[in-house]
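The values are calculated or read from the model by the stated rules, or taken from the named source; none is laboratory data. Keep in mind that this is a model prediction, so the values were computed, not measured. Cβ sites come from the backbone with ideal geometry, for glycine too, and all protein chains shown count toward neighbours. Surface accessibility is based on the protein's heavy atoms, side chains included, excluding ligands, DNA and RNA. Shrake-Rupley method; radii C 1.70, N 1.55, O 1.52, S 1.80 Å.
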Amino acid sequence: MDNIIEIKNVTYEYTDADQTYKAVENVSFSIERGSFTVILGHNGSGKSTLAKMLNGLFKPTSGDVLVDSINTKAEETEIEVKRKVGMVFQNPDNQLVASIVEEDVAFGPENLGLEPCLIRQRVDEALKSVGMYEFKDSTPHHLSGGQKQRIAIAGIIAMEPECIILDEPTAMLDPVGRKEIIETLHKLNKEKNITVVLITHYMEEAENADRVMVMNDGVIIDDNTPREIFKNVSQLKAVGLSVPQTTELLYALKQNGFNVSTDVLSEEETAKAIALCLEEK
Amino acid sequence: MLKDITFGQYFETRSPIHKADPRVKMVLLILAVVFIFLSQNILSLTLSFLFVMGVALASKVPLKMYFKNLKAILPIIILTTVINMFYGSKESAVLLSLWKLTITYDGLYRAFFMSLRIVLLIVVSSSLTYTTTPNDLTDAIESLLSPLKFIGLKNAVHTLALMMTIALRFIPTLVEEAQKIMNAQKARGADLESGNLKERIKALIPILIPLLISSVRRAYELAEAMECRCYNGGEGKTRMKQLKVSAVDFYLCGFTAVFCTGIILFNIFF
Amino acid sequence: MAILEVQNLTHTYGGNTPFINDAVSNVSFTVEQGEIIGIIGHTGSGKSTLVQHLNGLLKPTDGKIFIEQKNIWDNPKEIRLVRSAVGLVFQYPEYQLFEETVYDDIAFGPKNMGLEGEELDTRVREICKIIGVRDEYLTKSPFDLSGGEKRRVAIAGVMAMNPKIIVFDEPTAGLDPRGREDIIGIIEQYRKATGATVIIISHSMEDMAQITDKLLVLSRGELVMFDKTENVFKNGEKLREIGLNVPIVTRVFNKLKELGVDVPQDVFTVERAVEVLKNLKEGDSNA
């Protein structure tokens, strides 16, 4: 299988007030090229630390992270790794560098030392792919949170990465902004075949992923398709996560003696499952 | 609302001056300033006046915008006028004598000269800031300072330009944040409006500390984001926007050259 | 008795703001003592502007605001008194923490109101007890706490002013599910203990369905609906028109009806949904 990222027995330790803690402990997995993976976990579960190791921003205390077979520990290939695996953060305000949209998107390609006309081309294309081309001359300060976050994504796309890691990109957005971002990510994944790794605590955002990993206390406790993951309501609740309200309803019905199937996610499917169960009696 | 402050003074409209290369504008402004100062007699000052008016009109920025800037420094203009009035040559004919102060015709002439010069300087400088975005100014400064690369300050120019860019980007964000924190503390009963100076300074602590903490956090996050976008101190960096000199710039240079030559001639021959 | 009355409130921002315009136009409503009111609407619909008028942070361009029948702008010099009557918890309140210890930070508001000595100490400890800030936290630096704990302390700082009305602007923004539950829990505990009137701005229709008595719907600065929560959610069509939605459970029940199952359309919480379906099933098997 063709993997863009492989992590092997990775542990990350940090020291606070003379105590050593393990933010991530002995985690191994690989991310398949072109896939859409969601990593779920509550705040402090270690998911952000894990994310930052995937492009070499943090180096593992022990174990190895390989990006396209390049070890992130190697200093001479550091830039190469960051170009291949881009990263978008939670607060859109704190990752935009320039006060004009297109100049901000150009920041990455400029750092890569590309020709001006090629940068122009990539910037325009990246802005179009996130639907922000018409705002190319605007000031980010005047845009909504969702729009700013899309510009941050464009800034990564313009470097033509193979994979984008997003660390809670929707946590500070309103529902409209959240929807914009999730739709944009699925579009990039399908149309440009960019591998997406989305770190979040919003369950709804995991619904259409290929694969969901659940993280707790620095370890991956579950790794499956979204349908299988959401079936396990009690486990999710135990690690401080919730499930979409549809799943919660089906789960509650099941506990109340309804013979309803619980491996559905959308509202439509949920309604059908309930209707079916009512007919059966 | 505070968050609506547009940083810098850029006035959006289409004019030849807007279109000109910011580097050219900056260099020409420096020249113009020098030559306005060199205007020694009434003829050269008239020429300066015509030049500045020409630029102001060509910028298509409403003249009232220029007056706005002049109003801001009105006290300085008045002060200059008053001081110069009393420092005329003693030989000149006396216009008015009040107690120990005398105003001579020469003094009046000087006062007029000096204040007109200041007015012209303000107007011509405003014509740059009104027609050039802060970003373009940053680019121009970076480009004009680029020769420094050859004397061992390789990344200094880049770093300086990046610092200016980031400052421009974050000033509105921080202003907005300061406003939010201020409102939050006011909602907790903080009194920011009354009290003596000491009390007022003390009242700023609940605003400054959160602002400082959040700025540090922002700086840290920005550094990480920049690292993820392959920033490595400007080594081998290129620029998407290349400043280009166009026909407008040649006209502007020609116009300024005529003005400078005129001043030199008037100063020598009259 | 009406604790809060807003009459024809209008607020326009000066200057040219072509982008996010958070203006409010001609909004009137009345809130009774002890109610929990939810405010819903898009970003830029005027929610934040509206609530900043309630404690006098913003002055209306037009219209009046009465707290306990008293116009708050009758004496502009006393506007600070209004700020202790109406507590306002801003978005991401943890960013306003500044004192050396948690205790001092919670005491900041009451101190500004003139409380001192024993009275101040009692006030701080009382509020900590109500919302579960443990004693050993009080001597810690607020900056050493986790995100959710910081927010709890910041909220305590406003609650300690003992306001008659407390307003929360998106109190759960950015928190994970457990954090969100905690904050909703704090609000409920506080209300139970003090009987205060509560106003909450939120984007989560599910949270709103769970805790509010009434909903106020804003769109482009205008009041679209102000009614009992169930009546607002029954009006799903109208909400969708302005780009908002009803809780997910309600949407599932709308779909069930489309599928020909005869279910009521006023179901907004999972608990109620289970109850309704159970009755339906048992009713069927009895028939």
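The alpha-carbon positions of the protein assembly as shown define a convex hull whose volume is 220 Å³ per residue. For the stretch A:3-243, the fraction of 1.4 Å probe accessible surface lying on carbon and sulfur atoms is 42 percent. When the helices of chain C are scored as -39500 (n - 2.57) per DSSP H run of n ≥ 4 and the total is divided over every residue, the value at 222 nm lands at -12500 deg cm²/dmol. Here is what passes the span test in chain B: the DSSP H helices with alpha carbon length of 20 Å or more along the helix axis and a Kyte-Doolittle mean of -0.5 or above are B:22-38, B:42-58, B:105-131, B:156-187, B:197-228, B:247-269. Rg over Rh for the stretch A:109-182 works out to 0.98, using Cα positions for both radii and the Kirkwood form for Rh. What the Cβ-Cβ distance of B:Phe269 and A:Asp124 gives, at R0 = 51 Å and to the nearest 0.05, is a FRET efficiency of 0.35.
Probe radius 1.4 Å, ligands and nucleic acids left out: can you give me the accessible area buried at the C-B interface, summed over both chains, in Å² to the nearest hundred? About 1800 Å² of accessible surface is lost on pairing.
Modelled spin labels at A:Lys179 and B:Asn69, positioned 7 Å past Cα toward Cβ, are 4.7 nm from each other.
So for chain C, averaging the separation of alpha carbon pairs under 8 Å that are six or more residues apart and normalising by length, what relative contact order in percent results? About 21 percent, as a whole number.
Start at zero, step by 5 Å, and the Cα-Cα distances of chain C spread as 1, 5, 11, 15, 16, 15, 13, 10, 7, 4, 2, 1, 1, 0, 0 percent across the bins. At an R0 of 56 angstrom, the distance between the Cβ atoms of A:Ser28 and A:Asn256 translates into a FRET efficiency of 0.90. In the stretch A:249-276, the residues whose accessible area drops by at least 50 square angstrom when the other protein chains are added to the isolated chain are A:Leu249, A:Asn256, A:Phe258, A:Glu267, A:Ala271; the probe is 1.4 Å and only protein heavy atoms count. Measuring nothing but protein heavy atoms, the accessible surface of the stretch C:2-246 at 1.4 Å probe radius is 43 percent carbon and sulfur.
Rounded to the nearest 500, the helix-only mean residue ellipticity at 222 nm of chain B stands at -23500 deg cm²/dmol, with each DSSP H run of n ≥ 4 adding -39,500 (n - 2.57). Within 10 Å of the Cβ of each residue in B:164-176, the mean number of Cβ atoms contributed by other protein chains is 4.
When the C-alpha to C-alpha distance is required to be over 29 Å, the pairs from C:Lys47/C:Lys77; C:Lys214/C:Lys278; A:Lys190/C:Lys257; B:Lys149/B:Lys244 that qualify are A:Lys190/C:Lys257.
Comparing each chain alone with all protein chains together (probe 1.4 Å, DNA, RNA and ligands left out), the residues of the stretch A:26-54 losing at least 30 Å² of accessible area are A:Asn43.
Can you classify chain B as rounded, prolate or oblate using the Cα gyration tensor, where a ≥ b ≥ c are the square roots of its eigenvalues, rounded means a/c under 1.5, and otherwise it's prolate if a/b beats b/c and oblate if not? Oblate shape, in that a/c is at least 1.5 and b/c is the bigger or equal ratio.
In the stretch C:66-97, the residues whose accessible area drops by at least 40 square angstrom when the other protein chains are added to the isolated chain are C:Arg80, C:Arg83, C:Phe90, C:Tyr92, C:Tyr95, C:Gln96; the probe is 1.4 Å and only protein heavy atoms count. For the chain pair C and A, the interface hides roughly 3000 square angstrom of accessible area in total, found with a 1.4 Å probe. Only helices enter this figure: runs of n ≥ 4 DSSP H residues, each worth -39500 (n - 2.57), summed and divided by the residues of chain A, yield -11500 deg cm²/dmol at 222 nm to the nearest 500.
Solvent-accessible area per residue for the protein assembly as shown at a 1.4 Å probe radius, Å²? Value for the protein assembly as shown: 45 Å² per residue.
Just so you know, the Rg over Rh for the stretch A:3-243 is 0.97, from Cα atoms, with Rh as the Kirkwood radius. Of the trypsin sites (Lys or Arg not before Pro) found in the stretch B:48-112, those in coil by DSSP whose Cβ has at most 13 other Cβ atoms within 10 Å are B:Lys90, B:Lys100. Since only A:Pro226, A:Ser242, A:Asn193 are under comparison, the one whose Cα sits farthest along the positive direction of the charge dipole of the stretch A:169-249, derived from C-beta charges on Lys, Arg, Asp and Glu, is A:Asn193. Inter-chain neighbour count for C:259-269: the average number of beta-carbon atoms from partner chains within 10 Å of each residue's beta-carbon is 2. The alpha carbon gyration tensor of the stretch B:123-270 gives principal lengths a ≥ b ≥ c with a/c of 1.5 or higher and a/b no greater than b/c, which makes the shape oblate.
Per the Debye calculation on the stretch A:228-281 with a single equal scatterer at every Cα and no solvent contribution, log₁₀ I(q)/I(0) for q = 0.13, 0.15, 0.16, 0.19 Å⁻¹ amounts to -0.29, -0.38, -0.43, -0.60. The share of accessible area on chain B that comes from carbon and sulfur is 72 percent, using a 1.4 angstrom probe.
Inter-part distance, the stretch C:87-144 to the stretch A:1-62, computed on C-alpha centroids, equals 36 Å.
Only protein heavy atoms count here, probed at 1.4 Å, and on that basis chains A and B bury about 3300 Å² of accessible area in total. Take each residue in A:169-176, count the other chain C-beta atoms within 10 Å of its C-beta, and the mean is 4.
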